[in-house]
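Here's the structure we're looking at; comments come further down.
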Amino acid sequence: MQALNVSLVQGNTRWHDPAGNREYYGSLIAPLHGRTDLIVLPETFTSGFSNEAIAQAETMDGPTVAWLRKQSKTLDAAITGSVQLRADDKVFNRLLFVTPDGEVRHYDKRHLFRYADEHKRYAAGRERLIVQWRGWKICPLVCYDLRFPVYSRNRHNPQHGFDYDLLIYVANWPSPRAYAWSTLLRARAIENLCYVAAVNRVGVDGNGHEYAGASAVLDFLGQPLSQDSDQELVTTTTLSMPELAAYRERFPAWMDADAFTLSD
C-alpha cells in the first residue's frame with residue numbers, strides 16, 4: 001500500500017488561448033519530473049470557463065490530448081484536468097485522465113452550471129469514472145459536481161471494498177462563492193471517508209470573474225494537508241493509504257450507510 005504524491009497546479013489560465021495555456025501549464029509542471037505520481041490541472045485549463053470557447057472545442061485526436069500524453073510520459077506521472085471536447089456532434093466539458101503508457105480515460109461533467117447557461121451549450125455526462133492508478137482508486141469530478149453529494153457517494157462492496165480512496169475536483173470556482181467551495185470540500189472528505197484533492201484557478205477571466213484559488217488536499221477528517229492561497233502555485237502532498245485504511249477500520253461509518261444505486 002504505497003503512498004501517492006499528488007501535485008495541484010493552481011494557475012492563472014489564459015483566456016481563449018489553448019496553445020498559450022499548453023505552454024504556460026507545461027512550464028509549471030516541468031519541475032515535477034520524478035517528484036509526483038499525479039498532476040491535477042484546473043477545469044477548462046486551455047480556455048477558461050467560457051460558453052464562447054465552444055467554437056474552439058477540439059476532438060480526442062486534437063493537440064491537447066496529444067500534449068497531455070507527451071507530458072504524462074515525460075514526467076512519468078498521471079495528469080488530469082478538463083477541456084472542451086467535441087464528440088458525436090456534442091461538446092462536453094470533459095475531464096481527461098492520462099497515464100504515461102498513453103492511455104486516456106475521460107469523465108464528462110455531469111452537472112452543468114445552469115447559473116452561467118452551461119447547460120445550453122454543453123452536453124451532460126452520464127457515467128461516473130473510477131480509475132486505478134499506482135494502487136489507488138480515484139474518482140475525478142468537475143467543479144459544479146461538488147454541490148451534489150449523491151453523485152460522489154463512496155459506497156462499500158463486501159467483495160471490492162470502497163468505490164474509491166481519493167476524490168478529485170478540478171474547478172473554475174469564482175471568489176464570491178469561496179466559502180461554499182471550502183465547506184463542501186470538507187463535507188465530501190468527511191462523509192466519504194476519503195482523501196480529497198481539489199484544484200481551482202486564480203486570476204481574473206475574460207468575463208471579469210475573479211478566482212481566489214484555495215486549492216486544497218484534505219484528509220478523511222476534512223483536515224487540510226495543504227491549503228493554497230490566491231496566487232499561482234504548484235504544491236505536492238503525500239497521501240498515506242495505511243492511515244486511510246486504519247481510520248476506516250477505526251471509524252466504520254460506512255457499515256451504517258444507506259444502500260442505493262445511481263441511475264439517470
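Bear in mind that the values in this text are calculations on the coordinates, not laboratory data. The model shown is predicted, which means the values in this text are computed figures rather than measured ones. Here the Cβ is made from the backbone with ideal geometry for all residues, glycine too, and neighbour counts use every protein chain on show.
Miscellaneous remarks
- Sites excluded, GluC sites (Glu not before Pro) in DSSP loops with at most 12 other C-beta within 10 Å, longest stretch of the chain: 128-264
- Under 5 Å, built H, 5+ apart or other chain: amide partners of Lys137: Asp165, Leu166
- Across the range 4-256, the mean sequence separation of Cα contacts (distance under 8 Å, 6 or more residues apart), normalised by length, yields a relative contact order of 20 percent.
- Restricting the range 97-139 to trypsin sites (Lys or Arg not before Pro) in coil, as DSSP defines it, with at most 14 other Cβ within 10 Å: Arg126, Arg134
- Full extension of the segment from Trp15 to Gln2, taken as 0.36 nm per residue of separation minus the current Cα-Cα distance, would add 0.8 nm.
- Estimated [θ] at 222 nm from DSSP helical runs (n ≥ 4, -39500 (n - 2.57)) normalised by residues in the chain, nearest 500: -6000 deg cm²/dmol
- Under 22 Å of direct C-alpha separation, and excluding same-chain neighbours fewer than eight residues apart, Lys109 reaches these lysines: Lys90, Lys120, Lys137.
- From the largest down, the chain spans 49, 40, 35 angstrom on the principal axes of its Cα atoms.
- For the chain, built as a Gaussian network whose Cα springs stay under 10 Å, the top-fluctuating residue of Leu146, Leu167, Leu32: Leu32
- Here the Karplus relation 6.51 cos²θ - 1.76 cosθ + 1.60, evaluated at θ = phi - 60°, turns the backbone of the range 200-207 into coupling constants of 10, 7, 10, x, 10, 8, x, 9 Hz, with x for every Gly and Pro.
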